[in-house]
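> Structure in structure tokens, see below.
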Amino acid sequence: MVNYIWVFMTVVGFIFALINGTMAEVNKAIFDGAKEAVTLCIGLISVLVFWLGMMRIAEESGLLERLSKLFRPFVKRLFPEVPVNHPAMGYILSNMISNMFGLGNAATPLGIKAMEELKKLNGGKDSASRSMVTFLAINTASITIIPTTVIAIRMNYHSASPTEIVVPTIIATIISALGAIIIDRYFYYRRSRKG
């Protein structure tokens, strides 16, 4: 459905440009946008490669394992129906740690694997389990300590202080994560009382 919306908007834009005689400006904007997208991607790749390398070092040194052990009691309370040693718990913890370091691209495959494991725990049903809903809420509103992608974009556009976004990001993501957990728990307990 979204593809149809994009095609519709593109066609309407071209028709509007033809009617108004601004097709030259549209062509210029298309090629300038494509050039800027490539430049932005190259800038992002360098920062993401650096942080993915740092994550690999953290994994090899055992830091990720220690962080997982640190967060495990908290995550176990959020996902009480997931056994502690189940692969889903490992994927959930890895996803959350990747998101904390602003590595959404690295966190995505881990999140998909976590959902696959949670679906197995749910008996393969097509309806979402409590853990799946909770994981989706937390993953969407994840706490970010180092907003890697935003810092890379700010550096790419020559920001005077690209890292000044760190403290506001930490505050905003903590509030959003707490809000997601509170709303998740509210609806869960509300549904439990009805059932």
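> Being farther than 23 Å from I42 by Cβ and out of contact with any helix residue (DSSP H, G or I) (no Cβ under 9 Å at 6 or more places or on another chain) narrows it down to one residue among L110, L178; which is it? Break it down stepwise before answering.
Numbers: L110 fails: out of contact with any helix residue (DSSP H, G or I) (no Cβ under 9 Å at 6 or more places or on another chain).
When all the criteria are applied, what remains is L178.
> Among the candidates I15, I42, I30, I5, single out the residue that is touching a helix residue (DSSP H, G or I) at 6+ places or on another chain (Cβ under 9 Å), of a type in the set (V, I, T) and open to solvent by 70 Å² or more (accessible area, probe 1.4 Å).
Values: I15 fails: touching a helix residue (DSSP H, G or I) at 6+ places or on another chain (Cβ under 9 Å); I30 fails: touching a helix residue (DSSP H, G or I) at 6+ places or on another chain (Cβ under 9 Å); I5 fails: touching a helix residue (DSSP H, G or I) at 6+ places or on another chain (Cβ under 9 Å).
I42 is the lone residue from the list that is touching a helix residue (DSSP H, G or I) at 6+ places or on another chain (Cβ under 9 Å), of a type in the set (V, I, T) and open to solvent by 70 Å² or more (accessible area, probe 1.4 Å).
> Scan N95, N105 and give me the residue that is of a type in the set (S, T, N, Q), out of contact with any Gly (no Cβ under 7 Å at 6 or more places or on another chain), closer than 21 Å to I170 by Cα and in a helix (DSSP H, G or I). Show your work before the answer.
Working: N95 fails: out of contact with any Gly (no Cβ under 7 Å at 6 or more places or on another chain).
Just one listed residue meets the conditions, N105.
> Given the options T140, T163, T108, T134, name the one that is open to solvent by 70 Å² or more (accessible area, probe 1.4 Å), within 23 Å of S192 (Cβ to Cβ) and among the polar types (S, T, N, Q). Outline the logic, then answer.
Details: T163 fails: within 23 Å of S192 (Cβ to Cβ); T108 fails: within 23 Å of S192 (Cβ to Cβ); T134 fails: open to solvent by 70 Å² or more (accessible area, probe 1.4 Å).
Result: T140 is the single residue among T140, T163, T108, T134 that is open to solvent by 70 Å² or more (accessible area, probe 1.4 Å), within 23 Å of S192 (Cβ to Cβ) and among the polar types (S, T, N, Q).
The values are calculated or read from the model by the stated rules, or taken from the named source; none is laboratory data. Keep in mind it's a predicted model, so treat the numbers as computed, not measured. Please note: Cβ atoms are built from the backbone with ideal geometry, for glycine as well, and neighbour counts cover all protein chains shown. Note: areas computed on protein heavy atoms with side chains; ligands, DNA, RNA excluded. Shrake-Rupley method; radii C 1.70, N 1.55, O 1.52, S 1.80 Å.
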